[in-house]
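The values are calculated or read from the model by the stated rules, or taken from the named source; none is laboratory data. Since we're looking at a predicted model, the values are computed, not measured. Glycine also receives a Cβ, built like all others from the backbone with ideal geometry; neighbour counts cover every protein chain displayed. Accessible surface areas use protein heavy atoms only, side chains included; no ligands, DNA or RNA. Shrake-Rupley method; radii C 1.70, N 1.55, O 1.52, S 1.80 Å.
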Amino acid sequence: MSDLLEKLNWRYATKKMNPNKEVEQEKVDRILEAVRLTATSSGLQPYEVIVVTNKALREQIVPHAWNQAQITDGSHLLVFAAWDNYTEERINTMFDLVNDERGFTNEGWENYRQMLLSTYPPRDAETNYQHAARQAYIGLGTALIAAAEEGVDSTPMEGFDPAKVDEILGLSERGLRSVILLPLGYRADEGDWLKDLKKVRRAKQDFITEMN
Ligand SMILES: Cc1cc2nc3c(=O)[nH]c(=O)nc-3n(C[C@H](O)[C@H](O)[C@H](O)COP(=O)(O)O)c2cc1C
């Protein structure tokens, strides 16, 4: 089995983390860098990652997240927060950054910018947020793989009240909406009902259709 597949078999949605074991900052930094490097539609990166280590903030979130203790037992809480809308300014900022970094402009790229500007901002904010949130999920997937690669445990969480988390972290005023939580930590030796259970997935033939 490849190293990566072994690590993906090792990872699981950890139910109980060891509150006395912190994830090393350089590991967290590499996980975040993997997320920064991952793909997004049109390269707009329409979400941000909030890294919450502040214990008081994490304690405030727990009752609004099904009392899931990994949020405080882990050492870092990643909050994937998507843009609440696509605005002309947000789209232009990203296209301008690409032009600045590459040092040239290109007609095809500028036409593509105009196409997005005429398509996204006129749409309703909820449609745009949903599109941005889908990009945040790609970031989540990347973070799950990167954490496994680092031997760091994590728990992807949709089980929370986004409006409350937005309020606690002051996300609305930044034009962001929380999409998904990902506590990082290390699995506890005891007290995790899932730790030693078999990973169950549908059989390959029920999951993958090959059309030759
Ligand atoms: C988008 C998403 C949301 C999830 N939300 C939760 C959650 O709130 N709490 C939890 O304990 N597990 C949550 N999970 C974990 C899944 O139940 C778990 O990934 C799935 O059962 C596969 O098992 P494994 O990840 O342990 O291999 C979530 C997973 C994903 C991808």
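Just the number please: accessible area per residue for segment 1-139, 1.4 Å probe, all protein chains included, in Å².
Working: 7700 Å² over 139 residues.
For segment 1-139, the solvent-accessible area averages 55 Å² per residue.
May I ask you to derive the relative contact order of the chain, considering only C-alpha pairs under 8 Å and at least 6 residues apart, and to give it as an integer percent? List each step's numbers first, then the result.
Working: 313 pairs, mean separation 76.8, N = 212.
Averaging sequence separation for qualifying contacts and normalising by length gives 36 percent for the chain.
Rounded to whole Hz and in sequence order, give me ³J(HN,Hα) for segment 126-134 from the Karplus expression 6.51 cos²θ - 1.76 cosθ + 1.60, θ = phi - 60°, writing x for Gly and Pro.
After applying 6.51 cos²θ - 1.76 cosθ + 1.60, I find 5, 4, 5, 4, 4, 5, 5, 5, 4 Hz.
As a test of reading the structure, rank His64, His131 by solvent-accessible area (1.4 Å probe, protein chains only), most first.
Values: His64 60, His131 30 Å².
If we order His64, His131 from most to least accessible, we get His64, His131.
Output wanted: per-residue J couplings in Hz (rounded whole) for segment 8-19, from phi through Karplus 6.51 cos²θ - 1.76 cosθ + 1.60, θ = phi - 60°, x for Gly and Pro.
Here the 3J(HN,Hα) series is 6, 6, 5, 6, 7, 6, 4, 9, 9, 9, 6, x Hz.
Could you please state how large a percent of the accessible area of the chain is carbon and sulfur, counting protein chains only and using a 1.4 Å probe?
Carbon and sulfur: 50 percent of the exposed surface of the chain.
Please give every one of the aspartates and glutamates within straight-line cross-link reach of Lys16, meaning a C-alpha to C-alpha distance under 15 Å, and leave out same-chain neighbours fewer than 8 residues apart.
Cα-Cα hits under 15 Å: Asp73, Asp153, Asp189, Glu190, Asp192, Asp196.
Short version: ³J(HN,Hα) in whole Hz for each residue of segment 45-60, in order, from phi by Karplus 6.51 cos²θ - 1.76 cosθ + 1.60 (θ = phi - 60°), x for Gly and Pro, what are they?
With the stated coefficients, segment 45-60 comes to 6, x, 7, 10, 10, 9, 9, 9, 9, 4, 5, 4, 5, 5, 5, 5 Hz.
Using the reciprocal of the averaged 1/r over all distinct C-alpha pairs, how large is the Kirkwood radius of the chain in Å? Walk me through the intermediate numbers first.
Numbers: mean 1/r = 0.0529 Å⁻¹.
Final number for the Kirkwood radius of the chain is 18.9 Å.
Counting only residues 5 or more places away or on other chains, whose amide H sits under 5 Å from the amide H of Ile180 once H atoms are built in the peptide plane?
Phe80
What length, rounded to one decimal in nm, is gained on full extension from Asn54 through to Trp109, with 0.36 nm per residue of separation minus their alpha-carbon distance? Present the calculation step by step, with values, prior to reporting the outcome.
Numbers: separation 55, 0.36 × 55 = 19.80 nm, distance 4.14 nm.
So the extension gain works out to 15.7 nm.
Restricting attention to segment 1-70, which chymotrypsin sites (Phe, Trp or Tyr not before Pro) occupy a DSSP loop and are surrounded by at most 14 other Cβ atoms within 10 Å? Display every interim value, and only then the final one.
Working: sites: Trp10, Tyr12, Tyr47, Trp66; in loops: Tyr12, Trp66.
Here the chymotrypsin sites (Phe, Trp or Tyr not before Pro) that fit, given the DSSP loop and packing criteria, are Trp66.
Would you please name the GluC sites (Glu not before Pro) within segment 104-208 that are DSSP coil residues with at most 15 other C-beta atoms within 10 Å of their C-beta?
Numbers: sites: Glu107, Glu110, Glu126, Glu149, Glu150, Glu158, Glu167, Glu173, Glu190; in loops: Glu158, Glu190.
Counting only loop positions with at most 15 other Cβ atoms within 10 Å, the GluC sites (Glu not before Pro) in segment 104-208 are Glu158, Glu190.
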